[in-house]
Amino acid sequence: MSSERRMRPGIRRRVLSGLARGLLAAVCAWNLPLAQAETAPEARRVPAGDPATLKAAFLYNFALYTTWPPPPPSAVTLCSIGHDELGAAFDALANKQIDGKPVHVRRVDNAADARSCHVLFVPDSSSANLPALARGLASQPVLIVSDAGGNLDSSMILIEAEGNRLAFSVNLARVRHAGLDVSSKLLRLARVVR
């Protein structure tokens with residue numbers, strides 16, 4: 001039985017500095033109206049707009065707040081597998097940098113192709129393959145992010161619709177098993193950490 005931790009609302013309100021500003025900057029970088037970028041106490045959830053753009057912003061920020069084992073990568077490779085739900089929003093990430101390193105984007109077909117990725121997005125349309133992908137990448141430092149309805153067992157980070165907003169949950173045990181470290185700023189904004 002896994003334990004789940006939920007943060008008290010008072011603590012969550014005090015934590016909005018790092019990731020909330022990063023999400024705000026990413027959303028603004030895609031020229032979304034400022035009214036769509038939330039900085040209030042519920043900043044862990046971003047109002048629904050174009051889902052692909054918002055998910056791409058989440059992926060960028062997840063990479064921004066993740067540390068990979070040594071040696072540090074010379075570039076950060078973000079990958080998507082299966083049906084290309086993120087399209088141009090995902091491609092736009094190639095113009096970004098993380099810690100002064102260029103971001104590369106790739107589409108992959110299987111776990112073997114994904115071994116060179118730093119972040120792998122598995123859309124809901126590919127959720128049937130998620131457990132096999134997770135097994136195939138179990139010993140690899142690849143952050144597996146999915147929006148596959150409630151499947152936090154195979155994902156490391158799960159993006160979920162919460163009403164008309166997006167939120168995320170983190171499977172910290174899987175993240176650590178892959179040799180990755182995620183910032184406490186990211187964890188504080190997660191809906192659930194287990």
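Where a number appears in this text, it was derived from the coordinates with a stated rule and is not lab data. Keep in mind the model is a prediction, meaning the values are calculated, not measured. When we count neighbours, we look across all protein chains shown, and the Cβ atoms used for this are built from the backbone with ideal geometry, even at glycine.
What distance in nm separates the simple spin-label points at R191 and T67, each placed 7 Å from Cα in the Cβ direction?
A separation of 2.8 nm, rounded to one decimal place.
Provide the packing ranking of 141-151, 96-106, i.e. peptides ordered by the mean count of other C-beta atoms within 10 Å per residue, highest first.
Going from most to least packed, we get 141-151, 96-106.
Amide H of V122 versus every other amide H placed in the peptide plane: which residues, excluding those fewer than 5 positions away on the same chain, fall under 5 Å?
V145, S146, D147
Under 16 Å from a point 7 Å along the Cα-to-Cβ line of R106: which residues of the range 49-84 have their amide N that close?
Taking a point 7 Å out along Cα→Cβ of R106, the residues of the range 49-84 whose backbone N falls under 16 Å are 73-82.
If we sort 154-164, 112-122 on the protection proxy, mean other Cβ atoms within 10 Å, highest first, what's the order?
112-122, 154-164
For a label point 7 angstrom out from the Cα of D153 toward its Cβ, which stretches of the range 93-122 have the backbone nitrogen within less than 20 Å?
Inside the label zone: 122.
Per-residue counts of other Cβ atoms within 10 Å, averaged by peptide: what ranking do you get for 68-78, 183-193, highest first?
183-193, 68-78
How far, in nm, would the chain grow between R115 and S139 when pulled straight, counting 0.36 nm per residue and subtracting the alpha carbon separation?
7.7 nm
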